[in-house]
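Take a look at the structure below.
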Amino acid sequence: MSAVHTSDVVVVGNGIFGVTTAIALRERGATVTLLDAGSVPNPDAASTDISKLVRLDYGKDAGYVALMEDALVRWRQLNREWGAPLFHETGIAVLTTAPLTSGTFEGDSFELLRKRGHVLERLEGRVSERFPAWKEGAFVDGYFNPQGGFAESGRVVEALTARAERAGTKIVKGARVVPLAGDGPVSGVVTENGDRYSAETTVVAAGAYTPILLPELADRIVPIAQNVFHFAPKSAAAFTAPAFTPWAADIATTGWYGFSHHASVVKVANHGPGVTVDPAAPRLADEAALSEFRAFFERALPGLAKAKVVFSRRCLYSDSFDGDFFIDRHPTRSGLAIASGGSGHAFKFAPLLGELVADALERRISKQGERFRFRERGATKTEAARASIAAPTQITPSPAVPKKAASKKAPASKEPASTEPASTEPASTEPAAQAKPRRSPARSRS
């Protein structure tokens, strides 16, 4: 028998946007119901996996740098609250195959951060001396930023979910929400089993499923898949901080980035154009891409060239057309708000996301939040670090797979999964076989 549940706000998606929104709204006195289609944490979520980069480096984009400066202070505060740190401030190595110059992501980041008072270590001519795992001559310049590092993303979402629940948020697992089609007002959501969750405000924080729940956003938010691999090197010490830190290697032109040894593996991924996919398809990594990873390792990180792959997956971006988040009330559908469009770089702002959403719901949008307002589709661009062309790491779509196939699971003992609703809503009607490479947007460093 279906049931009716009532709260001030219902949040769809227990990922990093959703859980931080729930926490912020409870702190402001609202009653909150937080829904997720799967278990909590959800193993298919974008927020899952063992780590996400936490970086200040954003080219010329002072707006994101300022936001990240605030977020870093909050990350350190959260570590104190948690007792055991889930944010590891190892620093980040930003590497280049050519000398640092203005007009490049690395050169612009270096200049802006120094102007803002950040102390950076220039690596000109001594990358492999400073970080021996890098092949001599592979990268000739760059810098080390001691601020930033990585967050244990799955465990962070798990810890925040526990905090939300302690604060009185009602968390519902296995609640598969049906799309909010149409153009009328919204007063809650209905699940596939007929349960209704009524609320004055409904916040869709459904990650890659956002355009499925809200078809009117399909021209502005697209599910994009990126391959992620975890490698087990023979020498863990060679890839452990401080001898080897999280890194970005010509990232704005190649997409390559990765992490130091953590949870018994070295994680490497690509922040490139990716491919458009059906978010309901299994999150199986494109194994054909593995040869491109190994070719990169042969050129730059020989200690990983023959390392065993112990886990792989496809991470789905909720990719906005301009690389900025969508955090706002819907302009024409009363009772509806959106918190999505992470575009592969939202997690690092976790300590601030919920407050940005809560401010938007109260129509108290800050100067920083203005860029995340609801907007029509405009010029295509990306955030400054995103590789917008198919560099040596072009990811090709994997073949269609049966809907019931399961992706390879990471060892549960290593890292709990995150809760961003990678399967928070019913499956898309777009068949997985139609996944196709995304057109490469023209990059803009605003």
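In whole Å, what is the distance between the alpha-carbon centres of the stretch 278-323 and the stretch 83-157?
With the stretch 278-323 and the stretch 83-157 each reduced to a Cα centre, they are spaced 21 Å.
How big is the antiparallel share of DSSP beta bridges in the chain, given as a percent to the nearest 5?
Percent antiparallel among DSSP bridges in the chain is about 70.
Using the Karplus curve 6.51 cos²θ - 1.76 cosθ + 1.60 with θ = phi - 60°, work out ³J(HN,Hα) for each residue of the stretch 16-24 in order, rounded to whole Hz, and write x for Gly and Pro.
Working through the residues one at a time gives 5, 5, x, 5, 5, 5, 4, 4, 5 Hz.
For the pairs Lys135/Lys308; Lys267/Lys367; Lys115/Lys267; Lys135/Lys267, note any where the Cα-Cα span goes beyond 27 Å.
Listed pairs above 27 Å: Lys267/Lys367; Lys115/Lys267.
Could you give P(r) for the chain, binned at 10 Å from zero, as whole percent values over all Cα-Cα pairs?
For the chain, the pair-distance distribution reads 5, 23, 34, 26, 10, 2, 0.
Can you return the aspartates and glutamates within cross-link range of Lys173? Criterion is Cα-Cα under 17 Å, with same-chain partners fewer than 8 residues away left out.
Partners found: Asp36, Asp44, Glu158, Glu165, Glu192, Asp195, Glu420, Glu425.
Which far-off residues, 5 or more places away or on another chain, put their amide H under 5 Å from the one on Thr240, with H placed in the peptide plane?
His261
How would you order 221-228, 357-364, 45-52 from highest to lowest mean count of nearby Cβ atoms within 10 Å?
Highest to lowest by the protection proxy: 45-52, 221-228, 357-364.
Cα-based Rg (one decimal) and Dmax (whole number) for the stretch 317-386, in Å?
Rg then Dmax for the stretch 317-386, in Å: 11.8, 35.
For an R0 of 51 angstrom, estimate the FRET efficiency from the Cβ-Cβ distance between Glu27 and Ala295 and round to the nearest 0.05.
0.55
Around His5, which amide H atoms from residues at least 5 apart in sequence, or from another chain, sit under 5 Å from its own amide H, with H modelled in the peptide plane?
Amide H neighbours of His5, under 5 Å, 5+ apart: Arg196, Tyr197, Ser198.
Amide H of Ile92: which non-local residues (sequence gap of 5 or more, or other chain) have their own amide H closer than 5 Å, using H built in the peptide plane?
Here the answer is Asn145, Gln147, since their amide H atoms fall under 5 Å of that of Ile92.
Can you tell me the order of 190-200, 18-28, 268-278 when each peptide is scored by its average per-residue count of other Cβ atoms within 10 angstrom, highest first?
Listed from highest to lowest mean packing, they are 18-28, 268-278, 190-200.
Go ahead and estimate [θ] at 222 nm for the chain from helices alone: -39,500 (n - 2.57) per DSSP H run with n ≥ 4, summed, over the residue count, rounded to 500.
One gets -6000 deg cm²/dmol as the mean residue ellipticity at 222 nm.
How would you order 112-119, 164-171, 307-314 from highest to lowest mean count of nearby Cβ atoms within 10 Å?
Answer by packing, highest mean first, reads 307-314, 164-171, 112-119.
No value in this document is a laboratory result; all are computed from the given coordinates. Since we're looking at a predicted model, the values are computed, not measured. Glycine also receives a Cβ, built like all others from the backbone with ideal geometry; neighbour counts cover every protein chain displayed.
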